[in-house]
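K.L.:
The structure's right below; bear with me while I get my questions together.
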Amino acid sequence: MGDVKAVTKDSWDAEVLQANGVVLVDFWAAWCGPCRMVSPIVDDLSKEYEGRVKVLKLNTDENPDVAGRYQIMGIPTIMFFKDGKVVDKLVGALSKPQYKEKIEKLLTI
């Protein structure tokens, strides 16, 4: 997973809901092909936005309660939080520029 930290149901509140600023969470599963395509992009984003955006991954198979709480119906899903609140979500394998565009907008508000 590179520099991206894994988050679980046990660390969710501290890592996401109590975090200040922008948090990107990649909801994924090991069996998901599109998730494997998005993973290197998420790793790149974590390096590119280091110190400005917290980037995390949550395995939906291992943490179904968290995925259910946020109504994750398809993966990969990238959810964006700002100061502990959901501000946006992208579903499916998208390009790096599409994720960057969303991050840039969130960093300016």
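K.L.:
Those residues that are under 18 Å from Ser46 (Cα atoms) and out of contact with any helix residue (DSSP H, G or I) (no Cβ under 7 Å at 6 or more places or on another chain), I need them from segment 69-82; list them, please.
P.N.:
Answer for segment 69-82, where residues must be under 18 Å from Ser46 (Cα atoms) and out of contact with any helix residue (DSSP H, G or I) (no Cβ under 7 Å at 6 or more places or on another chain): Thr77, Met79.
K.L.:
Sort out which residues of segment 18-43 are surrounded by 13 or more Cβ atoms within 10 Å (Cβ to Cβ), of a type outside the set (Asp, Glu) and within 21 Å of Gly84 (Cα to Cα), and write them in order of number.
P.N.:
Ala19, Gly21, Val22, Val23, Leu24, Val25, Phe27, Trp28, Val42
K.L.:
Scan segment 9-57 residue by residue and report those that are assigned to a strand (DSSP E or B) and over 22 Å from Leu107 (Cβ atoms).
P.N.:
Selection gives Trp28 alone.
K.L.:
Give segment 49-91 a look and list any residue that's free of Cβ contacts under 8 Å to residues at least 24 places away in the same chain and closer than 18 Å to Lys5 by Cβ, or say none.
P.N.:
Residue satisfying the conditions is Gly51 alone.
Residue by residue, here is whether (1) touching an Asp or Glu at 6+ places or on another chain (Cβ under 7 Å); (2) among the β-branched types (Val, Ile, Thr); (3) within 20 Å of Lys9 (Cα to Cα) holds:
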residue: Asp44; (1), (2), (3): no, no, no
residue: Glu48; (1), (2), (3): no, no, no
residue: Lys54; (1), (2), (3): no, no, yes
residue: Gly68; (1), (2), (3): no, no, yes
residue: Phe81; (1), (2), (3): no, no, yes
residue: Val91; (1), (2), (3): no, yes, no
residue: Tyr99; (1), (2), (3): no, no, no
residue: Glu104; (1), (2), (3): no, no, no
residue: Ile109; (1), (2), (3): no, yes, no
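Just so you know, all these numbers are worked out from the coordinates, no wet-lab data involved. Just so you know, these numbers come straight off a predicted model, no measurement behind them. Cβ sites come from the backbone with ideal geometry, for glycine too, and all protein chains shown count toward neighbours.
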